[in-house]
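Right, one structure below, let's go through it.
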Amino acid sequence: MNENFIADLNEFFCKHYTNYDFICSMPSYESVTISMILKNRNRIEEGEYAANEMRKLSYQPHPDVVLAEIKERYVDNSFTFSVRVAPLKQRVKALLRFKLLTGGLLTKIIAKYGEDPASLWQKLGVSEEVWKNVLKSYYIPEKVLLFKVFLLLGMRKEDCSVLLKACGEYYNFEDARDVVVRYLMEYRIFNPEMIGAAFDEFRLRRIL
C-alpha cells in the first residue's frame with residue numbers, strides 16, 4: 001500500500017470537512033480569526049471566503065492533533081436504506097418505457113464500464129428483485145448504493161455527477177464518509193484494500 005496514501009487522505013479531509021460544530025468541540029481546537037487567514041490579502045473581497053475557510057481543520061494551528069481527536073471520537077451513524085420508492089410520476093413514466101429515468105441512466109452508464117447491469121446486484125449487497133426495480137426506475141438508489149457502484153466500477157467524475165444529480169443526491173462534506181468517498185473518486189483510488197483502509201482510518205462502516 002502506498003505509504004503516502006493516508007497522509008494524502010488526511011490533508012484532503014482537513015481541507016474539505018465542514019462539520020464545524022464537531023470540529024470546534026475537540027479539546028485541541030483553537031479559535032482562528034479572519035485576519036489570521038487573509039494576512040496580506042484583500043479583506044473586503046475575500047472576507048466571505050475566509051469566514052468559511054477559518055472553520056476548516058486546515059487552518060488550525062495544529063491540524064494533525066485536532067484530526068486525530070476527530071478520528072477517535074467520530075461515530076458513523078449515517079444509516080440509510082439502499083433504495084427509496086420512486087415518486088408516482090416516475091413510476092408511471094417507467095411503465096410507459098421512458099428511457100431517460102434513473103434506471104435507464106444507471107443501466108447506460110454501468111454498461112460503459114464493461115459490466116452487465118442486470119447482474120451487478122451480486123456485488124452490491126442488494127437482492128436481485130430490488131436491483132431489478134432500480135433498473136426499471138421503480139426504485140431510486142440512495143447515496144450509499146451509488147457510492148458502491150462508483151467505487152466498484154471505478155467511475156469517472158462526470159458519470160458520478162450525472163447519477164448523483166439524477167437521484168437527487170450530492171456530496172455532503174459535513175459527513176466524513178462523503179469526504180472520504182470524494183477523495184477516493186478524485187484521485188481514482190479503487191483498490192479494495194486501500195478503500196477499506198480509508199474507511200477504517202475514520203472509523204466508518206465499510207460499504208464494500
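Per-structure values
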| read-out | value |
| --- | --- |
| For the chain, calculated [θ]222 nm from helices alone, where every DSSP H run of n ≥ 4 adds -39500 (n - 2.57) | -15500 deg cm²/dmol |
| Rounded percent of accessible protein surface that carbon and sulfur make up, the range 112-208, 1.4 Å probe | 47 |
| Largest-first ordering by accessible area, 1.4 Å probe, given options Phe81, Phe199 | Phe81, Phe199 |
| Amide H partners (placed H, <5 Å) of Arg84, local residues excluded | Ile140, Glu142 |
| Karplus 3J(HN,Hα) series, Hz, for the range 84-97 with 6.51 cos²θ - 1.76 cosθ + 1.60 (x for Gly, Pro) | 9, 5, 5, x, 4, 4, 5, 5, 5, 4, 5, 5, 8, 6 |
| Neighbour net charge for Lys108 - beta-carbon separation under 11 angstrom, K R +1, D E -1 | +1 |
| Size of electric dipole in the chain: Cβ of Lys, Arg +1 and of Asp, Glu -1, about Cα centre, debye, nearest 20 | 1240 |
| Read-out mean projected area of the Cα convex hull in nm², derived from the coordinates shown; its label in (i) 24.4; (ii) 13.1; (iii) 13.8 | (iii) |
| Surface accessible to a 1.4 Å probe, Leu95 within the full protein complex, Å² | 120 |
| Rounded to whole Hz, the Karplus (6.51, -1.76, 1.60) HN-Hα couplings of the range 8-15, x for glycine and proline | 5, 4, 4, 5, 4, 4, 4, 7 |
| Accessible-area order (highest first, 1.4 angstrom probe) of the listed residues Lys148, Lys108 | Lys108, Lys148 |
| Relative contact order (percent, whole number), the chain, Cα cutoff 8 Å, 6+ residue spacing | 24 |
| Residue-level accessible surface for Arg188, protein heavy atoms, 1.4 Å, Å² | 120 |
| Cut-off 14 Å between beta-carbons: net charge of the residues surrounding Leu153, Lys and Arg +1, Asp and Glu -1 | +3 |
| Lys136 accessible area, 1.4 Å probe, all protein chains in place, Å² to nearest 10 | 110 |
| Simple spin-label estimate for Tyr74 and Glu129 in nanometres, 7 Å along Cα-Cβ | 3.7 |
| Sum of side-chain charges, Ser119 neighbourhood, beta-carbon under 13 Å (Lys, Arg +1; Asp, Glu -1) | -1 |
| Solvent exposure, largest accessible area first (probe 1.4 Å, DNA, RNA and ligands not counted), of Lys165, Lys93 | Lys165, Lys93 |
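The values are calculated or read from the model by the stated rules, or taken from the named source; none is laboratory data. What you see is a predicted model; the values in this text were computed from it and never measured. Backbone-built Cβ (ideal geometry, glycine too); neighbour counts: all protein chains shown. When the accessible area is computed, the model is the full protein with side chains, heavy atoms only, and any ligands, DNA or RNA have been set aside. Shrake-Rupley method; radii C 1.70, N 1.55, O 1.52, S 1.80 Å.
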